[in-house]
Amino acid sequence: MHRRHLLNLILASAAFALPFSASAATQIRSARVWRSDEKLRLVLDLTGPVHYKTFTLSAPEQLIIDVSGTSLSGDFTHLALNGTVIRAIRSGTFGQGNTRIVLDLRNPVLVNSFLLAPQDGQSHRLVLDLVNEKSAQADPMVPRETPQIDTHPKRDIIVVVDPGHGGKDPGAVGAKGEREKDVVLSIAQLLAKRLKKEKGFDVKLVRNDDFFVPLRKRVEIARRHKADMFISVHADAAPRLTASGASVYCLSEGGATSATARFMAQRENGADLLGATSLLNLKDKDPMLAGVILDMSMNATIAASLQLGSTVLGSLAAITTLHQKRVEQAGFAVLKSPDVPSILVETGFISNARDSQRLVTARHQQAVANGLFEGLQRYFEKNPPIGSYLAWQQEQQKARV
């Protein structure tokens with residue numbers, strides 16, 4: 001998807017609110033803000049329980065709040081936003097009777113959201129606490145769970161999608177000037193759009209425009225969002241112009257599984273390497289204990305990544321030719337999160353004339369995005385995270401058998 005198409009989609013869905021259908025089950029009656037030195041709290045007063053989800057966008061910074069089965073009877077014009085992290089609030093309808101609220105932000109924030117049941121004369125409430133990302137602790141504990149007024153605990157499965165390169169780093173460049181950074185951004189945006197449509201999933205894009213993000217920051221973004229999975233999307237060049245097809249890579253703590261895997265890792269890493277030990281907050285541990293903890297975590301994460309990669313590779317086989325029919329491994333810095341299963345997908349080689357011709361077409365980009373989604377979905381159906389909507393759904397199905 002081109003950037004302007006994504007922007008139009010956001011603007012269309014975030015148009016200022018008009019009267020909603022009277023058949024909506026729950027109304028958002030009013031909103032209040034409360035601020036302290038540490039955070040800004042936004043409270044939405046509701047007439048009943050709701051389901052909701054939040055996600056953030058960058059460049060410009062925005063927080064999106066989607067509330068299902070609701071209408072908006074109040075507005076946000078009375079809120080005192082001067083001096084807060086919120087520049088403006090917009091709202092509108094999307095889908096069938098759902099409300100989308102868009103917070104235009106002055107800078108990135110960390111979000112903690114939860115629902116409150118009626119008590120002490122107050123109605124149902126949706127509470128969102130916004131903390132300035134720069135003033136937060138280095139490794140903040142941001143809850144993934146979204147408490148619900150329901151008979152079951154559930155949360156969305158968080159997928160962080162990383163379009164490789166960007167900004168000053170164009171990535172590989174094809175013979176006709178095709179740039180890797182543009183191709184992978186389009187595929188990543190299409191994958192994110194598909195994930196957002198699927199109940200039980202939420203998605204974060206490392207970048208949703210043409211700007212550079214260091215490798216270390218990409219890993220930190222995945223961990224900050226408490227990702228269940230990290231997927232880095234690429235369309236690289238190979239030493240041989242005849243090299244073609246898609247491939248999937250996972251981290252290797254030892255040597256690379258092939259010369260191509262070693263070449264790809266060296267190309268992607270450059271000088272921007274990571275110290276994985278620091279990501280698990282092991283600095284205060286005995287060095288031997290820290291090593292054991294890191295090894296256990298990395299081994300489990302790599303095993304999950306290999307399983308995930310195999311499932312995704314199987315889905316891509318139905319979409320395009322494969323460069324390798326097995327998941328390759330090498331020391332990719334961007335995959336060195338010790339507690340988040342991570343894969344790097346080469347959607348094809350932009351250095352290959354046939355691959356490059358396909359990779360720049362909207363139809364093939366959509367097919368690749370669909371293949372990636374189907375692979376992720378199949379993996380999580382077999383391995384639903386504890387407390388997720390998908391895990392709860394499977395438990396309900398078993399109970400009915």
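Here are some pairs, Lys154/Lys199; Lys154/Lys204; Lys39/Lys168; Lys226/Lys382; Lys199/Lys398; Lys53/Lys217; which of them have Cα atoms lying more than 22 Å apart in this structure?
Working: Lys154/Lys199 11 Å; Lys154/Lys204 19 Å; Lys39/Lys168 34 Å; Lys226/Lys382 20 Å; Lys199/Lys398 19 Å; Lys53/Lys217 24 Å.
Correct reply: Lys39/Lys168; Lys53/Lys217.
To make sure I understand, if each residue's beta carbon is the centre and we count other beta carbons within 10 Å, what order do Ser232, Ser186, Ser113 fall in, fewest to most?
Details: Ser232 26, Ser186 23, Ser113 19.
In order of increasing Cβ crowding within 10 Å: Ser113, Ser186, Ser232.
Tell me, what ³J(HN,Hα) does each residue in the range 239-249 have, in order and in whole Hz, if you take phi through Karplus 6.51 cos²θ - 1.76 cosθ + 1.60 with θ = phi - 60° and put x for Gly and Pro?
My calculation for the range 239-249 gives x, 9, 5, 7, 5, 8, x, 8, 8, 10, 10 Hz in order.
Distance in nm between label sites at Ser36 and Asn370, each 7 Å beyond Cα in the beta-carbon direction?
Label-label distance for Ser36 and Asn370, simple model: 5.0 nm.
Would you kindly state how much longer the chain becomes between Asp45 and Arg378 on full extension, computed as 0.36 nm times their sequence separation minus their alpha carbon distance, in nm to one decimal? Mind dumping the intermediate values first?
Working: separation 333, 0.36 × 333 = 119.88 nm, distance 3.79 nm.
Using 0.36 nm per residue and subtracting the Cα-Cα distance, I get 116.1 nm.
Quick one: 3J(HN,Hα) in Hz for the range 214-231, Karplus 6.51/-1.76/1.60 with θ = phi - 60°, rounded, Gly and Pro as x.
x, 4, 4, 5, 4, 5, 5, 4, 4, 6, 5, 7, 6, 5, 7, 7, 10, 10
Taking the alpha carbon gyration tensor of the range 186-233, what are the square roots of 5 times its eigenvalues, largest first, to the nearest whole Å?
Details: eigenvalues 69, 42, 11 Å².
After scaling each eigenvalue by five and taking roots: 19, 14, 7 Å.
Calculate, in nm to one decimal, what Lys398 and Leu79 gain on full extension: separation in residues at 0.36 nm each, minus their alpha carbon distance. Write down the numbers at each step before the final one.
Details: separation 319, 0.36 × 319 = 114.84 nm, distance 4.70 nm.
Working it through step by step, the gained length comes to 110.1 nm.
I'd like the FRET efficiency for Leu116 and Val173, computed as 1/(1 + (r/R0)^6) with the beta carbon distance as r and R0 of 60 Å, rounded to 0.05. The partial results should precede the final answer.
Numbers: r = 53 Å, r/R0 = 0.88.
Once rounded, the FRET efficiency stands at 0.70.
Across the range 82-87, in residue order, what do the Karplus-derived ³J(HN,Hα) couplings come to in whole Hz, using 6.51 cos²θ - 1.76 cosθ + 1.60 with θ = phi - 60° and x for Gly and Pro?
After applying 6.51 cos²θ - 1.76 cosθ + 1.60, I find 4, x, 9, 6, 8, 7 Hz.
For the range 23-134, state the average projected area of the convex hull of the C-alpha atoms over all orientations, rounded to one decimal in nm².
Here the figure is 7.2 nm², rounded to one decimal.
Every number in this text was worked out from the coordinates using simple rules, so none of it is lab data. Quick caveat: nothing in here was measured; it's all calculated off a predicted structure. With ideal geometry, Cβ positions are generated from the backbone for all residues, glycine too; neighbour counts draw on all protein chains shown.
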